[in-house]
Structure formats: structure tokens, C-alpha cells
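The values are calculated or read from the model by the stated rules, or taken from the named source; none is laboratory data. All values derive from a computational prediction rather than experimental measurement. Ideal geometry is used to build each Cβ from the backbone, glycine not excepted, and the neighbour counts take in all protein chains shown.
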Amino acid sequence: MNILQSLSNIVQKVNAAPDLQSALDIIVNNVKAVMGTEVCTVYLADQQQRLVFRATEGLNKSALGELSLALGQGLVGQVALREEPINTSDAQAHPNFEYLADIGEDPFSSFLGVPIIHHRIVLGVLIVQQIEKRRFDESEEAFLVTVSAQLAGLIAHAQVTGLEDLRADARAVNAEFRGVPGASGIAIGQAVVLSPPADLYAVPRRKSKDIYEELVFFRACVARVRDDIAQLSAQLADRLPPQELALFEVYSKMLDAPALPREIEQLIEAGEWAQGAVAQIILAHLQAFEQMDNPYLKERAVDVKDLGRRLLEYLQQAAQEPINYPDNAILIGDELTASMLGELPRKKLAGLVSLRGSRNSHVAILARGMGIPTVMGAVDIPFTQVEDSELIVDGYAGIVYFNPNAELLGSYEEIVAEERLVSRGLEALKDLSCETTDGHRISLWVNTGLASDISRSLDQGAEGVGLYRTEVPFIMQDRFPSEEEQRTLYRLQLEAFAPSPVTMRTLDIGGDKSLSYFPIVEDNPFLGWRGIRVTLDHPEIFLSQVRAMMKASVGLDNLRIMLPMISYVKELDEALSLLRRAHAELIEEGIDVAFPQIGVMVEVPAAVYLAGQLAERVDFLSVGSNDLTQYILAVDRNNPSVAELYEAYHPAVLQALSQVAKAGLQAGKPVSICGELAGDPGAAILLMAMGYDSLSMSATNLPKVKSVLRGISQSEAQELLSKVLDLCEIADIHAAIDDLLEAKGITRLFGERIKRRHLNS
């Protein structure tokens, strides 16, 4: 059997299934056929952790939904208990075999069962059986394991929605979807779905405002598609053989036939908008064709899909108009990007939910800077079904609630109210310095990227900029900005914060930050061509940017330039040579500009070990804790599957941070940190104790960090650090920090604790 092709076909059919039971039936029918077995069966775990007989091809279907097994009972229960496959040629001879009289297993000897697991939770068991006594080979076992992994996500989705109908309009009350925290805070509002273009599987369900207009709109688009097909056929008539041209005739007949367009129109007449009607009907036909045994008819599925995409594309193009965002819009998308944030009205944006990505995805970082509660990696959300739904975004816990009841909604409204009180209480700190109770002074800076960050940062009492993400304006454009365009942008930042320092990072693209006009496609982008590696390979980009920075600083002299992704001393030396060249060119042009302070961004393990040598060559060091944590722990920060392993309080990360601070101190150079860890009030205590001179964070976190550091002494912070550096468990580190905060009476600044107090009371 062609395992790869078979798996692909099964996955496509399952994805198009209208409900869970249909999906289970597709699984057992197709797996049985592909593997050539007499039996395929699915058991699913219920709320009591009993394994319920849910779908079968080959056994007694009258027992479906009636028979259940305890965890560990029989071979099926053992598969679930052990969380690993059982493969035996003689099931009756197995020590864990248990005879089940009601389902007709008597003739079958060979047994292969694999667990269905989602996020470490056993959801059920997938089984194949045969009369012949034989052990299933490795390829068959691998195939069944792969199918179970695909099935796991579907089952989990059905469970979290509280529904078995995957496309039902009704929503379960308090349906809960888990992701990872992207930006702290609570948002209560209305869902607005951003779907990718011409994707049949991603069209949100939505009621039409005017059925008549929607019908007219659909018929007009059908006519346009028909005209396009006729035009294409005419253009290619001399270039394609008759059998290839026949495809266009097939498309025309499908559009002219009353069945397909009429089905779509009937759904529109029932109240569905045109795009949703096209997607639903096309996917239903697609599933029907794919389940046919006739190879020719099966191939027609491709034509149906292509035609559906063409129709959808026209519908979307014709419907392009500014989205009318509600006042409390919560944006949901498969993968939100930084450019999307830049295009949205900030005043109406209450929260963000992205199915992909993690806490340290670039969009999450920007969301924190903008103070927008965000949940990332919420992969199980049926985002095509939630348009206009009321929901709660819990950015502290990484949870999204759909259709909250009055009790849950009231609890979260209390949290929001208390957060506002805390925020107002912190406003009095704006003009006060960040100084500990025993007189230790530390600078609090901000991370910026958007022009809107400036006023928000100054309003929070920022003393400078520790990281200006210059890639943001590059991302927002459809070409490289000119040197003068860059100078204007940089001047705006420098003037706004003058005379305070502004640290500008040279262009940092690659990894999860891409430019549409300069694509970088790599198998392993975070270990690839990014940061300084790109700009050193393109000195014209680097020189233009640093020239623009220096020209922007004329008369202000508050510019600091920071070099990202340095892992070799040689890279630093090459960059310094280019910087001196750019400065010399400006002097020759008659531009009187001071040579700025230059620093290195410590964000890879190599830079940690080289921190001393790097510090000797530059004016300052600045740690990028987001990437440093990623590289030390070997955890892709954009992968929700390992998001819980990304932990900046990991002992290895803290040891590395301490080592960099010591290297800076020995070289007599200031050391700052501009990663997200700097905005964590608990971590800020440790960083101050390590010897960091300045902490740079999102503007929304600055008041909390200032309040915490003003509430303790430097000696208390150093005592805590000494204790923490001896610990090897992350939970113990968190507990030690919490104990100090509790003792100082400043836990009110932590939203997690606010939330826990309300929801668990």
C-alpha cells in the first residue's frame, strides 16, 4: 500500500466530515480498506475514563455506544493504560485478553491497537483485527499510529467545544479552548475572524444581512467564473490537446448544471452568506467524490475543489471592503502577523487569538507592547464557526472561553475592574525614579517598534529605549525603505525620547520575521540566515540603515546601535568596520555627527561564553532573553506543542544571564536586557541583583516593575538571587519569588493572582 497517499486521502476526508461520528466512520472504513484487514474499530474515553465502543467496520454495530471498558480492562484497556501499541498474532493467548460476547470478536486472532493521544491525554484506542494469525509489520503499525495522531486533534476539538457536530451553529456554554499566554490581561468582546484568501476550509460561518442581495451577488460571481473559463479555453485552444481542453468543458457543465448552483442558493436562502454556502456545499461534494470507488469519479474531486476555489476567490474579491469592527473586537486568525496589527484600529481592538505561534512569536511581542490581551497556539479553536460570538480572552492563563454564562462573565468583569484600579494606582509612579528602599538605582527603558509606541511609553514614564525594532517598518512596506525614509522614522524616535538614549537594533529578519519582498525560505529558519548574518551578506542594506540612523541623530547624540545575533568575534569586527566606514562617509559629506555607542545583543549561547571578549570591543551588552532562552533550551518559541517547555526561569537560563552580567562588570561595561523577561516583575528582582544596569520592556509592564523594585531593597534582591541560583527546579524558583512578593505585600500587581483569587473563591 502507498502509505503516504493513503494517509493523505484519509486526512482530507476526515477534515471534510460534518461531525465526529462521520469522521470516525470514515476512519474505520478507510483504514480497514487500506490495511486489508477484516476489522477496524475505535473506542473513545468518556468523562468517567471508560472506553466506549464508538465506531467499527467488521464487528457488531448494534453494540456501538452501549459497550464500554475500564482503563486497563482487556487488550483495549491495556493499550490505553500503557499508552503504547499492542501487536499480537494471537489475541486470545495474550495474558490480558478478555472475551467480549456482544461485539463478535470470536473469529479474529491478530490484534493491533494503538492509543489516540492528544497533549499527553489518552482520548481512545484505534484497533485493527484479522482472522489470520499474523503479527502486523512495522509499516502497518506506523501507519496506524499516524492515523491515530490525526484523529486525536479532531476528537479533542469535539470535546472542547462540547459538541459532536463540528459545524453546528449552537455553541456550548463556557466552551473552553487552551493555548498559551501571549500578552497578559483580560479581554471581553466579540469575535472577528480573519481567514486566509480562497481557502475553502477557513471560511467562517456567518448570517447574511440581505438574502436577496447575497443571491444576486453569488449569481454575478458564477457568471464571472463562467466567462473566465470560456476565455481561458479560447486562449489555450491552439496550445492544448483536446483531452486537456475538456477540463474547461467539465467546469462549464458543473456551473450550468442546476444541481450545484441550486444547492448553494438554497443554503443562501436559508440565511447563510454566499462565501459560507459555497464552502459548505463544495466540501460536501468533495467528500462524496473522494469516497467513490471508481478511479475516474474520484479524480473529479480535484475539479470540484478547483472550481470551488475559483468561485470563492471571486466572492472574496468582490466583497473586499473595510471591516466594520465592533468596539470590543477580538481578532481570531489561523496565524496573525505583525502587519495585521498595524492595519487595525487600536481603539476597537480588545484582544487577539492566534491558532499558531507561541508567547514569543513576533506578533505576541508586539501585542504585549500595545497592551492587548492575547492567546497564542489555540490550535483546537473551530475558528470558522465563531464569527460574532461573545468570548473571553484570558491572556494570563492562555484560555479562550466561548459563550460564557453570566457567572463566568461576572467573575471576569470583576477581574477587569480590579485591574483598572491597580493601573490607576500605578499612575502616581510615572515621574518617580526606579530606586530600591536602600537607594539602588536602575533604569527602566521600553521596547518600541510602532510609532504609536512612543506616546504610550512616555505616558508610562520610560527613561529611554532599550530596543527599537527597526524591522517593523520594513515589514509594513512592500519594498525596502529608502535611506531618507528610514532617517525620518528614526528621527521621530530619537526626538521623542531625547535626551534619553534610544537603542536601535540593526535589521533583524529571518526566523519568524520575514519580508514579503525579501523572502527567506529555510528548513530550519531559527538556525539559519537571520540577524547580522543577513546584513553582513548584504552590506548595502546594512550601510544604508546605519547611515540613516546616524543622520537622524544629528544634534541629538542619543543614538545607540545594537547588533543582533552575534555568535563570532569576527562578525562583530566586520560590523564595526562597516559602522566606521558609514560614519567616515557622512563626515566626508559634511554631516557633523558623533559616532554612536555600539553594543552587542547577547541572544545565542556562543555570545554568553564570548561575553567578556565582546564587551572589550563595544560600549555595552544587551541580552535578548527571548532567543537566548529558545537556544539554550532547544525549544522553538513558535511551536505550541512545546510551548510549556519554554521557560525563562529555567536554571540554565538564569545561570547564563548571571554569567553575562559578570562579564560586563569585569569589562567595566553596562549590561542591559531587552527581552520579555525584563518586564516580569519577579524576574526584574533577580536581574537587578545580578547587576543589570537597565531593564527594557513593553510599556504596559513598566509601572508594575517599577512598583515592585521600589518596594524592596537591593540586599533582599541579592539574598533571593543567591537562593534561586542554588535551585534546580523551576517550580521552586517560582515559589521563592512568590514568597518574597507575598512577604512584601505586592502580589496585587500580578494578574495571575488577581484572577486566581476571584475564580477560585
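Answer with yes or no whether ILE587 is part of a loop (DSSP other than H, G, I, E, B) and among the β-branched types (Val, Ile, Thr). Walk me through how you get there before you give the answer.
Details: part of a loop (DSSP other than H, G, I, E, B): no; among the β-branched types (Val, Ile, Thr): yes.
So ILE587 does not fit the description; no.
For beta carbons closer than 9 Å, sequence separation of 6+ or different chains, a first residue in segment 131-147 that is not assigned by TED's automatic domain parsing to the domain that holds PRO107 and among the polar types (S, T, N, Q) and a second that is crowded, with 17+ Cβ neighbours inside 10 Å and part of a helix (DSSP H, G or I), there are no qualifying pairs. In segment 457-493, the residue that is modelled with the lowest pLDDT out of those that are basic (Lys, Arg) and under 30 Å from CYS434 (Cβ atoms) is ARG469.
Could you grab me the full set of residues in segment 333-376 that are of a type in the set (S, T, N, Q) and modelled with pLDDT under 80? Show your work before the answer.
At the first step, the residues of segment 333-376 found to be of a type in the set (S, T, N, Q) are 337, 339, 354, 358, 360-361, 374.
Selection gives THR337, SER339, SER358, ASN360, SER361.
Cβ-Cβ contacts under 8 Å between residues 6 or more apart (or on different chains), taken from a first residue in segment 60-77 that is assigned by TED's automatic domain parsing to the domain that holds PRO107 and among the aliphatic types (A, V, I, L, M) to a second residue that is in a helix (DSSP H, G or I) and surrounded by 14 or more Cβ atoms within 10 Å (Cβ to Cβ), are listed as LEU69/VAL76; LEU69/GLY77; ALA70/GLY77; LEU71/GLY77; LEU71/ALA80; LEU71/LEU81; LEU75/ALA91.
One residue stands out among those in segment 524-554 that are at pLDDT 95 or above and part of a loop (DSSP other than H, G, I, E, B): the one that is surrounded by the fewest Cβ atoms within 10 Å (Cβ to Cβ), which is VAL554.
State the number of residues belonging to segment 448-470 that are surrounded by fewer than 22 Cβ atoms within 10 Å (Cβ to Cβ) and in a helix (DSSP H, G or I). Steps first, answer last, please.
Step one: of segment 448-470, the residues surrounded by fewer than 22 Cβ atoms within 10 Å (Cβ to Cβ) are 450-452, 454-456, 458-459, 461, 463-464.
Then keep just the ones that are in a helix (DSSP H, G or I); that gives 454-456, 458-459.
Residues meeting the conditions: 5.
What pairs can you find where one residue is in segment 577-598 and in the same structural domain as MET550 (by TED's automatic domain parsing), the other is of a type in the set (Gly, Ala, Ser), and their Cβ atoms are less than 7 Å apart, with a gap of 6+ or different chains? Matching pairs, first to second residue: VAL593/SER553; PRO596/SER553. Among all residues of segment 314-332, there is at least one that is of a type in the set (A, V, I, L, M), part of a helix (DSSP H, G or I) and at pLDDT below 80.
Being at pLDDT below 70 and either among the small types (Gly, Ala, Ser) or assigned to a helix (DSSP H, G or I) (or both) is the filter; apply it to segment 15-28 and report the residue that is surrounded by the fewest Cβ atoms within 10 Å (Cβ to Cβ). Outline the logic, then answer.
Residues of segment 15-28 that are at pLDDT below 70, as a first pass: 15-18.
This time we only want the ones that are either among the small types (Gly, Ala, Ser) or assigned to a helix (DSSP H, G or I) (or both), so: 15-17.
Working: ASN15: 16, ALA16: 22, ALA17: 19.
Here the answer is ASN15.
Do we find a residue being farther than 24 Å from ILE712 by Cα, hydrophobic (A, V, I, L, M, F, W, C) and in contact (Cβ under 8 Å) with a residue 60 or more places away in the chain anywhere in segment 437-453? Yes; the residues of segment 437-453 include at least one that is farther than 24 Å from ILE712 by Cα, hydrophobic (A, V, I, L, M, F, W, C) and in contact (Cβ under 8 Å) with a residue 60 or more places away in the chain.
When residues of segment 95-135 are filtered for being among the small types (Gly, Ala, Ser) and either buried (at least 23 other Cβ atoms within 10 Å of the Cβ) or touching an Asp or Glu at 6+ places or on another chain (Cβ under 8 Å) (or both), how many remain? Quick ask: steps written out before the conclusion?
Initial filter on segment 95-135 (among the small types (Gly, Ala, Ser)): 101, 104, 109-110, 113, 124.
Within this subset, residues satisfying the condition of being either buried (at least 23 other Cβ atoms within 10 Å of the Cβ) or touching an Asp or Glu at 6+ places or on another chain (Cβ under 8 Å) (or both) are 109-110, 113, 124.
The total comes to 4.
May I ask you to verify whether SER622 is small (Gly, Ala, Ser), in contact (Cβ under 8 Å) with a residue 60 or more places away in the chain and buried (at least 23 other Cβ atoms within 10 Å of the Cβ)? In short, yes. Counted as qualifying within segment 164-273 are the strands (runs of 3 or more DSSP E) with 2 or more residues that are small (Gly, Ala, Ser) and at pLDDT 85 or above, namely 186-194.
Of the listed requirements (1) under 26 Å from TYR468 (Cβ atoms); (2) at pLDDT below 95; (3) surrounded by fewer than 22 Cβ atoms within 10 Å (Cβ to Cβ); (4) within 25 Å of the chain's Cα centre (by Cα), ILE632 misses just one: (2).
Is it fair to say LEU665 is at pLDDT 90 or above and out of contact with any helix residue (DSSP H, G or I) (no Cβ under 9 Å at 6 or more places or on another chain)? Judged against the criteria, LEU665 is a match.
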